[in-house]
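Enquirer: Just passing along the structure, written as structure tokens.
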Amino acid sequence: MKKSKKRLLAEKEQAAEKVYQKRHAVYQRVWIVMFLSVIFFTGLCLALLNRPTVSERENRTLTEKPELTAENYISGEFADQYTKYFSDTIPFRDTLLNLSSAFNKLKGIDSPTFYGNVAVVADDQGNSVETNIPVTGTEPTGTDPLVITRPEDDNAVTEPPVTETVTETEEEEEVKDIAEFSHNGIVVDSVKMYGDNAGVMLFGGSKTCGTRYAELISDYKTALGDEVNVYNMVVPTSAEFYLPKKFRRFSASEKDSIDHIYSSYTADVIPIDAYSEISAHTDEYIYLRTDHHWSQRGAYYAYAALCKAIGQTPPDIDSDYETLTKEGFVGSLYTYTNDITLKNSPEIFTYYKPKSEYTTYYYDYKTLESKGTGPLFYENVSGGNCYGMFLGADALHTKIVTELNTGRKICVFKESYGNAFIPFLVDSFDEIYVIDIRYFGRNAVEYIKEMGITDVLFLNNAFAANTNSLIDGIEYMYTYDYGTLDSEEVAEVRQYMATMTTAAETTDNADNSVSQ
Amino acid sequence: MVFSDIFFLFEFLPIFLVCYFAASKTPAKNIVLICFSLFFYSWGEPVWVCLLLFSSVFDYFNGRFIAEHKDEKKAVLGVIASCTVNLSILAVFKYSGMLVTGINGLLSLSLPVPDFHMPIGISFYTFQSITYVVDVYRGQARAQKKYLGYLLYLSMFFQLVAGPIVRYSAVSREIENRSVKIAEFSDGITRLIMGLGKKVLLANSMGAIADELLGFDGMPSSVLAAWAGVILYSLQLYFDFSGYSDMAIGMGLMCGFHFPENFNYPYISRSATEFWRRWHISLGSFFRDYLYIPLGGNRRHQLLNLAIVWFCTGLWHGASTNFILWGLYFGVLLIIEKKFLLKVLESLPKFVGHLYLIIAVIFGWMIFYFTDMSRMGACFSAMLGKNGTELTDLLTQSKLQSSLWLIMAAILLCTPVYKAVSDFGHRIAKNTKGGFAVVSAVKMIFLLGVLFLSFVSLSAGNYNAFLYFRF
């Protein structure tokens with residue numbers, strides 16, 4: 001009886017095993033077919049579907065398909081390039097990137113995400129700090145953009161046709177601007193600005209850099225003498241006001257850094273206290289949430305601080321300007337971090353157009369050749385490019401002539417923070433000269449004297465004023481010697497400069513105008 | 001080319017499979033496999049194909065020579081020639097930079113330091129070549145008559161780049177004749193996807209954080225950062241390397257080859273001795289059978305033999321002092337264990353052994369990670385909490401938190417938990433009504449999910465470092 005029960009069980013077990021094996025054989029076939037279909041289908045899609053050439057999400061041109069030659073195959077370059085091209089231009093790339101970000105969120109507890117290196121908080125040596133904050137440091141090509149655009153560089157980028165200048169440079173600008181801060185820690189999660197998600201870049205700062213910056217500006221004042229007012233305005237960035245408390249210790253105080261700079265002058269430079277003016281309005285939309293720049297409203301309060309210093313009353317931001325908006329702006333902080341919360345919180349980019357009359361002239365930074373007149377606001381920008389609207393980004397030397405009659409001409413030395421600020425000046429000065437510290441390739445002191453400028457303003461954000469490569473630019477323009485050009489070139493430069501001062505208005509002819 | 005690459009997975013592999021199964025008989029399949037392997041190897045570094053071909057021709061003739069002079073004293077010449085040439089190739093392409101720098105330092109000369117771009121997989125195929133010649137000499141394998149047969153053995157793309165180190169005797173019969181069974185093809189796919197997931201989803205994620213935590217200037221930011229960095233690096237190494245081996249073994253199965261296992265849950269070991277029986281098994285057994293035993297093994301000057309073997313094991317992993325240190329570190333541990341520690345550990349509760357091994361391995365990987373001695377020292381003292389390093393810091397906490405689930409999963413997957421789950425599934429499928437359909441569906445969805453996530457992660461261009469380039 002017992003025995004047969006045992007046997008019965010064994011038989012049952014055997015039967016179950018048999019059934020299982022049979023089913024398992026079916027499973028294996030189905031699985032093989034499924035896997036093969038998946039890789040063949042995916043393979044076909046990857047081979048046949050159109051490949052994107054630019055990524056809107058990251059705002060960059062994707063890797064190009066390399067051409068196959070015997071030479072580059074043997075060197076292995078073809079394979080490297082092709083592999084890069086193949087994965088970089090994958091169809092539905094942006095969708096896949098979004099999926100990947102979403103997957104990354106599932107990897108753990110939603111906690112503050114830092115991107116990049118967190119800058120070492122201010123020290124007195126400065127050395128370990130400034131390496132973390134290259135304002136113009138890493139351009140995609142790996143070379144210093146300061147060098148690229150200097151006049152002695154004969155291999156500088158060939159001139160694009162005038163009509164395309166602005167669009168061309170916009171893209172370049174975008175890439176550069178991201179690179180500017182790409183080595184800093186960015187905090188995204190749990191940062192809120194104006195009730196919405198935001199990113200904030202942590203500030204490092206270095207007293208050594210600050211001192212050097214202050215001393216160089218003092219040198220300008222000394223060289224320019226009493227006839228020219230030299231103003232210096234270092235503006236705080238969003239980290240100063242919007243960094244959540246728990247991250248404070250990763251970020252140095254920009255206020256301290258600015259105070260240090262303002263107390264380190266060796267000549268009669270006039271400090272502009274933009275800090276107080278801006279910090280009184282932190283509940284207003286004065287910084288971009290998804291970008292490392294301020295908003296134009298923030299720039300307005302800096303302008304208000306300047307007005308105070310030169311004894312003027314600024315127009316009212318809410319009533320005296322034409323207020324316009326662009327929807328769907330997602331800026332550089334997103335491009336750098338790819339953080340999905342930023343992408344999902346686009347901002348409304350607001351800009352303020354002065355109502356007064358003015359004309360804007362553009363010149364090549366390298367040759368000072370006239371590019372004709374153009375708009376001050378390039379309003380056809382969209383998406384992540386909105387900040388590039390002012391002055392058509394940084395790439396051209398700009399002069400604005402207003403219809404005021406104050407007898408004052410101002411020259412502004414700036415990096416990209418200055419762009420949003422410049423338009424306000426049309427209500428305060430007869431002529432406004434805009435020089436980007438990173439690109440100008442002339443002796444700035446001589447230039448200022450030659451143009452008969454009465455007021456000089458250095459306008460930089462706290463990061464820039466603490467960054468050696470930018471300060472190098474200020475020094476470069478100060479020490480730049482015509483002697484390094486040959487006599488023919490010097491004559492050319494002088495001729496261009498003369499053209500600018502005397503016949504600026506006449507250069508405005510239809511063939512030569514910067515079109516939108 | 002590497003396996004964790006979209007081009008490989010979705011273009012190279014399908015096209016290869018079509019051609020491979022279009023070829024009817026084994027010899028034709030072999031030709032297909034050779035062509036694809038050479039293309040695979042030449043992708044990126046075509047010049048080094050010549051080196052591979054040279055090595056294969058040379059050892060093919062060595063094999064023939066030994067076979068012809070079987071039982072004569074002359075036969076040993078073939079072995080000597082093969083070892084000399086293969087080791088010289090390794091010395092020149094992998095170690096010449098280190099050697100010259102060393103000589104320069106010792107004799108204060110300034111000889112130009114050669115800067116070869118190390119050919120991929122060179123450490124693996126030169127060793128395989130040696131196993132062939134030695135196996136033939138020992139009579140453990142018959143010399144390959146056809147050159148193509150030998151070239152296939154050496155160049156097979158599954159294991160060419162990162163092992164396992166397959167001995168000639170293990171695959172010699174399959175080179176001549178093999179068949180692919182449906183069950184094995186199916187298992188091979190599963191193995192391939194699991195390996196891919198280990199590499200792309202686990203190893204890459206662990207590696208990205210480990211590099212951030214260990215890529216410090218001067219000092220790690222906290223004790224936590226140093227420990228977490230090294231632990232995550234340990235996880236990365238295991239999943240990277242074993243994932244790659246899984247993929248090789250899986251693709252081998254899909255083509256009818258049976259490669260030996262290379263990893264057997266090394267982190268659950270209870271002694272360094274056991275660890276080395278579970279970690280990179282094909283390398284450990286290579287050194288055992290082709291170096292340790294010929295040197296005399298346990299029989300004479302065992303300590304010296306162990307020292308030599310562990311020096312070489314360390315050196316094999318890279319041309320840098322820290323790898324030698326790392327090898328010797330394990331050599332010392334093994335000797336201590338042999339002398340008395342193993343016995344002591346056996347008398348203690350199990351967890352003591354686990355704890356000891358884990359800590360020993362983690363310190364080992366710390367040595368392995370840092371090629372720069374001063375940074376290694378900084379990490380070491382931070383791990384011990386010296387120099388007033390803070391216990392923890394917000395940044396590290398936030399990094400660990402944001403990958404917490406994945407890290408926990410990775411730690412869990414270092415144990416045979418996957419096997420337990422899969423056995424459990426097997427039981428359910430067999431004994432429960434309707435269980436089979438459910439288990440099969442879950443399995444397929446899981447594997448396809450892993451494939452899909454790996455694809456997404458690779459296409460997003462996430463961190464995808466290739467650790468074997470140094471080996």
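The values are calculated or read from the model by the stated rules, or taken from the named source; none is laboratory data. This is a predicted model, so every value here is computed, not measured. Every residue, glycine as well, gets a Cβ built from its backbone with ideal geometry; the counts of neighbours run over all protein chains shown. In case anyone asks, the SASA skips ligands and DNA or RNA and just uses the protein heavy atoms, side chains included. Shrake-Rupley method; radii C 1.70, N 1.55, O 1.52, S 1.80 Å.
A quick yes/no check of all residues on (1) open to solvent by 40 Å² or more (accessible area, probe 1.4 Å); (2) away from every other protein chain (no Cβ under 14 Å):
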{"site": "B:Glu11", "(1), (2)": "no, no"}
{"site": "B:Ala23", "(1), (2)": "no, yes"}
{"site": "B:Lys29", "(1), (2)": "no, yes"}
{"site": "B:Val32", "(1), (2)": "no, yes"}
{"site": "B:Trp48", "(1), (2)": "yes, no"}
{"site": "B:Phe65", "(1), (2)": "yes, yes"}
{"site": "B:His69", "(1), (2)": "no, yes"}
{"site": "B:Val76", "(1), (2)": "yes, yes"}
{"site": "B:Ile89", "(1), (2)": "no, yes"}
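Enquirer: Also, I was wondering about something else. Give the residue, chosen from A:Tyr365, A:Tyr387, that is in contact with a helix residue (DSSP H, G or I) (Cβ under 8 Å, 6 or more places away or on another chain) and buried (at least 19 other Cβ atoms within 10 Å of the Cβ).
Expert: A:Tyr387
Enquirer: Then there is this: When you go through B:Ile268, B:Ile308 one by one, which is the residue that is of a type in the set (A, V, I, L, M, F, W, C), surrounded by fewer than 21 Cβ atoms within 10 Å (Cβ to Cβ) and free of Cβ contacts under 8 Å to residues at least 60 places away in the same chain?
Expert: Result of the check over B:Ile268, B:Ile308: B:Ile308.
Enquirer: Next up: Does A:Ala47 satisfy the condition of being more than 30 Å from B:Leu13 (Cβ to Cβ), open to solvent by less than 100 Å² (accessible area, probe 1.4 Å) and modelled with pLDDT under 90?
Expert: For A:Ala47, the condition - more than 30 Å from B:Leu13 (Cβ to Cβ), open to solvent by less than 100 Å² (accessible area, probe 1.4 Å) and modelled with pLDDT under 90 - is not met.
Enquirer: Criterion first (buried (at least 20 other Cβ atoms within 10 Å of the Cβ), under 21 Å from the mean Cα position of the chain (by Cα), more than 14 Å from chain B (Cβ to nearest Cβ) and at pLDDT below 90) does A:Ala302 satisfy it?
Expert: The answer is no for A:Ala302.
Enquirer: Against the condition surrounded by fewer than 16 Cβ atoms within 10 Å (Cβ to Cβ), closer than 30 Å to B:Lys199 by Cβ and either within 11 Å of chain A (Cβ to nearest Cβ) or among the hydrophobic types (A, V, I, L, M, F, W, C) (or both), how does B:Val18 come out, does it pass?
Expert: yes
Enquirer: Could you figure out which of (1) out of contact with any Leu (no Cβ under 9 Å at 6 or more places or on another chain); (2) in a helix (DSSP H, G or I) isn't true of B:Lys386?
Expert: For B:Lys386, the failing item is (2).
Enquirer: Residues being among the charged types (D, E, K, R), open to solvent by 60 Å² or more (accessible area, probe 1.4 Å) and either in a helix (DSSP H, G or I) or touching a Cys at 6+ places or on another chain (Cβ under 9 Å) (or both): count how many of those fall in region B:161-183.
Expert: 2
Enquirer: Every residue in region B:346-398 that is within 21 Å of B:Val332 (Cα to Cα) and in contact with a Ser or Thr (Cβ under 7 Å, 6 or more places away or on another chain), please.
Expert: Passing the criteria: B:Gly353, B:Leu357, B:Val361, B:Ile362, B:Trp365, B:Thr371.
Enquirer: Still on this structure: Quick one: which helices (runs of 4 or more DSSP H) sit completely within region A:231-338 and have at least 2 residues that are of a type in the set (Ser, Thr, Tyr)?
Expert: A:254-262, A:274-279, A:296-310, A:332-337
Enquirer: In region A:323-354, what residues are under 20 Å from A:Ala302 (Cβ atoms) and free of Cβ contacts under 8 Å to residues at least 40 places away in the same chain?
Expert: A:Thr323, the sole residue that qualifies.
Enquirer: If you go through region A:445-460, how many residues are surrounded by fewer than 23 Cβ atoms within 10 Å (Cβ to Cβ) and in a helix (DSSP H, G or I)?
Expert: Selection size over region A:445-460: 6.
Enquirer: List the residue pairs whose Cβ atoms are under 6 Å apart, where the first residue sits in region B:395-422 and is within 14 Å of another protein chain (Cβ to nearest Cβ), the second is exposed (fewer than 13 other Cβ atoms within 10 Å of the Cβ), and the two are 6 or more positions apart or on different chains.
Expert: B:Gln401/A:Ile109; B:Leu404/A:Ile109
Here's the yes/no breakdown for (1) under 30 Å from B:Phe116 (Cβ atoms); (2) touching a helix residue (DSSP H, G or I) at 6+ places or on another chain (Cβ under 8 Å):
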{"position": "A:Ala15", "(1), (2)": "no, no"}
{"position": "A:Val26", "(1), (2)": "no, no"}
{"position": "A:Phe35", "(1), (2)": "no, yes"}
{"position": "A:Thr42", "(1), (2)": "no, yes"}
{"position": "A:Pro52", "(1), (2)": "no, yes"}
{"position": "A:Leu68", "(1), (2)": "yes, yes"}
{"position": "A:Ser75", "(1), (2)": "yes, no"}
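Enquirer: Is it the case, given these coordinates, that A:Phe35 is closer than 30 Å to B:Phe436 by Cβ and open to solvent by 50 Å² or more (accessible area, probe 1.4 Å)?
Expert: In short, no.
Enquirer: When B:Phe323 is evaluated against the numbered criteria (1) closer than 25 Å to B:Leu202 by Cβ; (2) open to solvent by less than 20 Å² (accessible area, probe 1.4 Å); (3) over 19 Å from the mean Cα position of the chain (by Cα); (4) among the hydrophobic types (A, V, I, L, M, F, W, C), which criterion, by number, is the only one it fails?
Expert: Answer for B:Phe323: the failing condition is (3).
Enquirer: Of the residues B:Leu357, B:Leu345, B:Leu384, which single one is under 22 Å from B:Phe287 (Cβ atoms) and away from chain A (no Cβ under 14 Å)?
Expert: Answer to the selection: B:Leu357.
Enquirer: Could you say whether any residue in region A:362-382 is within 18 Å of the chain's Cα centre (by Cα) and within 20 Å of A:Ser55 (Cβ to Cβ)?
Expert: For region A:362-382, residues within 18 Å of the chain's Cα centre (by Cα) and within 20 Å of A:Ser55 (Cβ to Cβ): present.
Enquirer: Scanning region A:237-252 for residues that are surrounded by fewer than 24 Cβ atoms within 10 Å (Cβ to Cβ) and in contact with a Lys or Arg (Cβ under 9 Å, 6 or more places away or on another chain), which turns out modelled with the lowest pLDDT?
Expert: Among those that are surrounded by fewer than 24 Cβ atoms within 10 Å (Cβ to Cβ) and in contact with a Lys or Arg (Cβ under 9 Å, 6 or more places away or on another chain), it is A:Pro244.
Enquirer: Would you be able to tell me the number of residues in region B:74-119 that are among the hydroxyl-bearing types (Ser, Thr, Tyr) and under 20 Å from B:Asp372 (Cα atoms)?
Expert: 3
Enquirer: Just a yes or no: is a residue in region A:261-276 touching a Ser or Thr at 6+ places or on another chain (Cβ under 6 Å) and of a type in the set (A, V, I, L, M)?
Expert: yes
Enquirer: Output the qualifying pairs, or none if there are none: Cβ atoms under 6 angstrom, residues six or more apart or on different chains, first residue in region A:385-406 and within 21 Å of A:Pro346 (Cβ to Cβ), second residue open to solvent by less than 20 Å² (accessible area, probe 1.4 Å) and assigned to a strand (DSSP E or B).
Expert: A:Cys386/A:Phe329; A:Cys386/A:Phe349; A:Met389/A:Phe377
Enquirer: Further question: Out of the residues in region B:399-429 that are among the small types (Gly, Ala, Ser) and in a loop (DSSP other than H, G, I, E, B), state the one that is modelled with the lowest pLDDT.
Expert: B:Ser402
Every residue, every condition in (1) open to solvent by 10 Å² or more (accessible area, probe 1.4 Å); (2) closer than 27 Å to B:Met376 by Cβ, yes or no:
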{"residue": "B:Ser221", "(1), (2)": "yes, yes"}
{"residue": "B:Leu232", "(1), (2)": "no, yes"}
{"residue": "B:Asp240", "(1), (2)": "no, yes"}
{"residue": "B:Pro260", "(1), (2)": "yes, no"}
{"residue": "B:Phe275", "(1), (2)": "no, yes"}
